[in-house]
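Structure record follows, encoded as structure tokens.
The values are calculated or read from the model by the stated rules, or taken from the named source; none is laboratory data. The structure displayed is predicted, hence computed values, not measured ones. Reconstructed Cβ throughout: ideal geometry from the backbone, glycine too, with neighbour counts over all protein chains shown.
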Amino acid sequence: MAIEETLERAEELIGYAFDDPTLLKKALTHPSAVEGHALEDSYERLEFLGDALLGAIVSAYLYQHHPEMDEGELTRAKTSLVSGEHLSDVADDLGLGPCIFLGESEHGTNNRGLRSALENVYEALCGALYLDGGRLVFERFVRRTVLAEPMLPDVFVETSPKSLLQEFAQQQLHLSPVYELVSRVGPPHSPTFTFEVRVGERTLGTGVGASKKEAEKAAAKMALDALQAEFED
């Protein structure tokens, strides 16, 4: 895609049109794409700003919405929400991977660093949204993505269906579940994912959700129910 098309696509995925498109371009630009250029041309400085802003809004959210948590629990929950793994999942679910501008050196590595880039781009987008649209625009984006119920890490779930299925399948069948993306449909800013989960050669569950994590959990719940029913008979 041309640069302009990529930026338009990213705006559709984010759900926001930038007044200053150069901020969006910087947020999507991996350092490998601007080697020898000014530091300002990549996402690194915006990533620094976004990281600080994200930490603040997540901390405030946890404090306001989880009065049952003590300081240690709040800290662990925040760490989980702003972890590289979680932010990468969120950016991946948004479909931002193809919008990242990578240099030739990174293309030659089969995108080994894409997971890290997705995390960095998400943080940089937080900084860019804050600078372009202000606090409310930035907060709406974070609440719709990192803090959306389907995307919350398992730290907020007493018992994860995926963990239970993994444990049950290994104990009873000595097998590990395998998840496969079947489809992604719907508008770019609000996709719907369908996942299947296999245990051995059998597909035991199908799940649909607004995020990959949600769809995988739904598939795991169906598969777990099916396996438990088998062993109860």
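Output yes when any residue across region 12-33 is over 18 Å from the mean Cα position of the chain (by Cα), modelled with pLDDT under 90 and farther than 19 Å from ALA91 by Cα, and no when none is. Within region 12-33, one or more residues are over 18 Å from the mean Cα position of the chain (by Cα), modelled with pLDDT under 90 and farther than 19 Å from ALA91 by Cα.
Here ALA117 fulfils each of the conditions (1) crowded, with 20+ Cβ neighbours inside 10 Å; (2) hydrophobic (A, V, I, L, M, F, W, C); (3) modelled with pLDDT of 95 or more apart from (3). May I ask you to list the residues in region 1-51 that are of a type in the set (Gly, Ala, Ser), part of a helix (DSSP H, G or I) and more than 27 Å from ALA210 (Cα to Cα)? Answer for region 1-51, where residues must be of a type in the set (Gly, Ala, Ser), part of a helix (DSSP H, G or I) and more than 27 Å from ALA210 (Cα to Cα): SER32, ALA33. Residue-level check: of (1) free of Cβ contacts under 8 Å to residues at least 12 places away in the same chain; (2) over 19 Å from ALA148 (Cα atoms), GLY186 misses just (2). Looking only at residues in region 131-173 that are modelled with pLDDT of 90 or more and outside any helix (DSSP H, G or I), the one that is surrounded by the most Cβ atoms within 10 Å (Cβ to Cβ) is VAL146. For region 36-73, a tally of residues being closer than 22 Å to THR6 by Cβ and exposed (fewer than 12 other Cβ atoms within 10 Å of the Cβ) returns 5.
Only a single item in (1) charged (D, E, K, R); (2) more than 23 Å from ALA10 (Cβ to Cβ); (3) in contact with a Phe, Trp or Tyr (Cβ under 7 Å, 6 or more places away or on another chain) is not met by LYS212, and it is number (2).
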